[in-house]
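Engineer: Here's a structure for you.
The values are calculated or read from the model by the stated rules, or taken from the named source; none is laboratory data. Given the structure is predicted, the values throughout are model-derived calculations rather than measurements. We place every Cβ from the backbone using ideal geometry, glycine too, and count neighbours over all the protein chains shown. Remember, those area values only see protein heavy atoms, side chains included, never the ligands or the DNA or RNA. Shrake-Rupley method; radii C 1.70, N 1.55, O 1.52, S 1.80 Å.
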Amino acid sequence: MVDHIPYNPLTANNWTRALMETQKERPWCYDRVIESMNASQVEGKLWLGNQLIKLGVVPDHVALLGGWYAHYLTAILIDNVGAKYVTNFEIDHDAHFISFKFNRRYKDEPRKYRSMRRNVMDKSLRYVKTLDDTQEKDAQVYDVVVNTSCEHMFPMWKFRELNPQLEDSLFVLQSTNQTENCPDHINPVENEDELIEQARLMDVWFSGKKKLLNGFERFLVIGK
């Protein structure tokens, strides 16, 4: 069971430097970064990691959609779940660069992490370079697709229509029904069944809900 994120000297170095450098270089982002490190954020992502472990899923290459700073989730996916590689597709310019600071230990040799700026609801992943820098149309290079921010995006059916090459990928999705004081939650769902329907999952491996420490109800679905 995953009940913590491995916190070692490399993690401490990366995260401390990330906070210090964000405060110095991008002070307008600092409060948002602190918000991203609250208890409910790690609680929801540990839940996701636990379910992948229970299902015996060990990803080769994860496409992380809108991963924000990707500090907790990258650590969980690589160190706890055993993923070989994580690519974070993040639309926000600042979050994209800050994520590298948090994940320095993974982006250097042996390379396990990268971040790419992209609106995943507008542009397909078909033309993203693979790990060996080749670029093959319709190549399926992501065996697992993770989106813990579905409430912030258009329904996942739109992403799937843009990426038919990922038809056989495993989708790991989280969302919430929370709307109060959350203007950026443009697409909340009422329950896990609605999230399954939005993603058009036909083979559901797991679905459930969890009340987090902040009082938000979180939904998690895994399937194809």
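Engineer: Which entry is the computed Cα extents along the principal axes in Å for this structure: (i) 50, 44, 36; (ii) 45, 45, 34; (iii) 60, 35, 32?
Structural biologist: For Cα extents along the principal axes in Å, the calculated option is (ii).
Engineer: Still on this structure, please answer the following. How high is the relative contact order of segment 43-123, in percent, with contacts defined as C-alpha pairs under 8 Å that are six or more residues apart? Write down the numbers at each step before the final one.
Structural biologist: Numbers: 124 pairs, mean separation 24.2, N = 81.
Averaging sequence separation for qualifying contacts and normalising by length gives 30 percent for segment 43-123.
Engineer: Let me ask you something else. Over the chain, what is the mean sequence separation of C-alpha contacts under 8 Å (at least six apart), divided by residue count, expressed as relative contact order in percent?
Structural biologist: Reported relative contact order: 17 percent.
Engineer: Just grab the label-to-label distance for residue 91 and residue 168, each label 7 Å out from Cα along the Cβ direction, in nm (one decimal).
Structural biologist: My value for the distance between the label points is 3.1 nm.
Engineer: Can you compute the FRET efficiency between residue 16 and residue 213 using 1/(1 + (r/R0)^6), with r the Cβ-Cβ distance and R0 = 35 Å? Round to the nearest 0.05.
Structural biologist: On the way: r = 24 Å, r/R0 = 0.69.
E(calc), rounded to 0.05, equals 0.90.
Engineer: Now for a separate question. Expressed in nm to one decimal, what extension gain is obtained for the pair residue 121 and residue 203 from 0.36 nm per residue of sequence separation less their Cα-Cα distance? Provide the component values of the computation, followed by the final result.
Structural biologist: Values: separation 82, 0.36 × 82 = 29.52 nm, distance 2.27 nm.
That works out to 27.3 nm of additional length.
Engineer: So for the pair residue 108, residue 84, with labels modelled 7 Å out along Cα→Cβ, what separation do we get in nm?
Structural biologist: 2.3 nm
Engineer: What whole number of Å gives the distance from the Cα centroid of segment 13-70 to the Cα centroid of segment 192-224?
Structural biologist: Cα centres, segment 192-224 to segment 13-70: 20 Å.
Engineer: May I pose another question? Describe numerically, in nm with one decimal, the distance between label points set 7 Å from Cα along Cα→Cβ at residue 54 and at residue 23.
Structural biologist: Placing both labels 7 Å beyond Cα along the Cβ direction yields 3.9 nm.
Engineer: Just the number, please: carbon plus sulfur as a percent of the accessible area of the chain, 1.4 Å probe, no ligands or DNA/RNA counted.
Structural biologist: 49 percent
Engineer: Can you give the calculated 222 nm mean residue ellipticity of the chain, where each DSSP H run of n ≥ 4 adds -39,500 (n - 2.57) and the sum is split over every residue, rounded to the nearest 500 deg cm²/dmol?
Structural biologist: Dividing the helical sum by the residues of the chain leaves -9500 deg cm²/dmol.
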